[in-house]
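S.K.: Mind looking over this structure? Questions follow.
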Amino acid sequence: MPKKISIGMAEFRIVHNPCILEILGLGSCIAICLYDRKNRIAAMAHSMLPDSRNSAPGINPLRFVDKTVDAMLSSMNALGCKNRDIRAKICGGAEIFHNVPKLSDIGRQNIKAVRKKLRSKGIKIIAEDVGGSEGRSIWFDTETGDVVISKIHKPTITI
Amino acid sequence: MKPEKLNWLELDALREISSVGAGHASTALSVMTNKRVNVTFPWMKMCPLENVTSVIGKPEREITNIYLHINGRHIDKEFEICSLILAFPIKSAVLLARLLQGEEPGAEELTEMDRSTLREIGNIMVGNYLSAMAEYLDIELIESVPAIASDMLDSVMDPILAQHASEVEDALVFSIKFIIEGQEIIGYFVVLFYSHMRLLLKNIKYFSEIEDA
């Protein structure tokens with residue numbers, strides 16, 4: 001059994017040795033899985049909000065998609081990964097509360113922000129499982145690049 | 001610069017508000033249901049936003065969340081004060097709703113009637129919490145309509161935590177205990193502030209110092 005590493009809110013991990021990166025109970029937050037097959041380096045982040053621009057001073061920048069992607073890529077680049085070799089899979093961004101002002105839209109904004117940010121860095125999204133109204137648990141196998149997704153009362157899927 | 005943390009005096013004031021609020025809520029729920037209902041907050045913890053769910057339980061535990069958003073009004077200006085969340089493991093949510101409706105528990109899923117009862121409990125709990133707060137503060141507090149969702153713990157907390165993530169570092173988590181006709185139900189009460197709340201708490205501090213003098 002490969003080692004499992006849980007990624008909490010506003011965290012990311014970069015790994016070289018094969019392992020499973022997991023996020024349990026992803027709601028409106030978004031999981032960004034990056035994978036460089038050539039260098040066998042993978043990373044996963046658990047991001048809460050799209051944009052750091054309106055954040056108060058002192059707030060953890062890894063809560064935001066824009067800063068998180070920057071941080072992931074600069075670490076991966078430092079390990080020798082080129083952006084053109086990195087592939088992405090994204091999951092999450094659900095609308096858990098329906099028709100509730102302020103809450104309902106966060107997931108959709110996160111999805112939009114990740115797509116835009118990755119495109120601006122020249123990184124291809126090769127698979128995604130986003131939106132919907134239910135939470136997800138996800139397991140990213142860094143050896144194969146597979147992402148397994150489960151929801152309450154639903155069969156699991158792999159992307 | 002780090003956002004300011006709440007100090008012990010402010011925490012103490014919040015604990016005081018909570019126990020007064022719990023007392024009011026006990027009375028209100030007893031009158032509404034014609035049963036003996038007692039509500040208490042056995043403990044309170046302050047923790048970073050990111051750790052709220054780990055204080056409550058395992059990330060995939062199925063939870064029902066009742067969410068209310070609170071605005072304040074002062075001299076024609078309205079501003080955001082806090083979000084309040086009542087969180088129950090799904091079985092406890094069903095039990096709580098059924099006991100208050102005077103029905104048999106047993107089911108594992110919430111019916112529309114249960115959901116509406118839980119929203120009403122949200123209204124009563126939060127209404128009493130706020131009226132306790134209003135006893136300390138010179139401000140009008142306005143609560144939103146309660147929203148309800150059930151899913152994995154981390155998933156149902158996500159959007160609410162995210163909504164505060166660009167402004168505040170910390171959250172308050174209380175455990176909440178209902179005793180209804182001898183049956184015990186444990187849940188959680190989470191308070192997430194906006195930065196305006198700091199000003200309010202400065203008032204609380206001021207008032208509690210006057211009381212202590």
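S.K.: Once you list every other residue whose beta carbon is under 14 Å from the beta carbon of A:L103, what net charge do they have if Lys and Arg are +1 and Asp and Glu are -1?
M.R.: Here the charged neighbours net out to -3.
S.K.: While we're here: What nm value, rounded to one decimal, do you get for the distance between B:K177 and A:K116 when each label is placed 7 Å out toward the C-beta?
M.R.: The answer from the label model is 4.9 nm.
S.K.: Another one. As an exercise, use a Förster radius of 35 Å and the Cβ-Cβ distance of B:R15 and A:N54 to find the FRET efficiency, rounded to the nearest 0.05.
M.R.: After rounding to 0.05, the efficiency reads 0.65.
S.K.: Who wins for biggest fluctuation among A:H16, A:H46, A:H98 in a Gaussian network model of chain A, springs between alpha carbons below 10 Å?
M.R.: Comparing A:H16, A:H46, A:H98 in the GNM, the peak value goes to A:H98.
S.K.: At a Förster radius of 35 Å, what calculated FRET efficiency corresponds to the Cβ-Cβ distance of A:R84 and B:V55, to the nearest 0.05?
M.R.: 0.25
S.K.: Quick one: helix B:112-136 against the long Cα principal axis of chain B, what's the angle to the nearest 10°, folded into 0 to 90?
M.R.: 30 degrees
S.K.: Among B:S166, B:S30, B:S155, which one moves the most in a GNM of chain B with springs linking Cα atoms closer than 10 Å?
M.R.: Comparing B:S166, B:S30, B:S155 in the GNM, the peak value goes to B:S166.
S.K.: Peptide A:99-105: average number of partner chain Cβ atoms within 10 Å per residue? Before the final figure, lay out the partial values.
M.R.: Details: counts 1, 11, 3, 8, 10, 2, 1.
Mean partner shielding for this stretch: 5.
S.K.: Per residue of A:2-8, what is the mean number of Cβ atoms on other protein chains within 10 angstrom of that residue's Cβ? Don't skip to the answer; put the middle values down first.
M.R.: On the way: counts 0, 0, 0, 0, 1, 0, 6.
Counting Cβ atoms of other protein chains within 10 Å of each residue's Cβ and averaging gives 1.
S.K.: Could I ask something else about it? I need the Kirkwood Rh of chain B: take the reciprocal of the average 1/r across all distinct C-alpha pairs and report it in angstrom. Show your work: numbers first, answer last.
M.R.: On the way: mean 1/r = 0.0569 Å⁻¹.
When all Cα pairs of chain B are included, the Kirkwood radius is 17.6 Å.
S.K.: Enter the mean number of other protein chain beta carbons within 10 Å of the beta carbon of each residue in A:48-54, as an integer. Show your work: numbers first, answer last.
M.R.: On the way: counts 10, 6, 2, 1, 1, 1, 2.
Mean inter-chain Cβ contacts per residue within 10 Å come to 3.
Just so you know, all these numbers are worked out from the coordinates, no wet-lab data involved. Remember, predicted model here, so these are calculated numbers, not experimental data. Quick reminder, even Gly has a Cβ in these numbers, built from the backbone with ideal geometry, and neighbours come from all protein chains shown.
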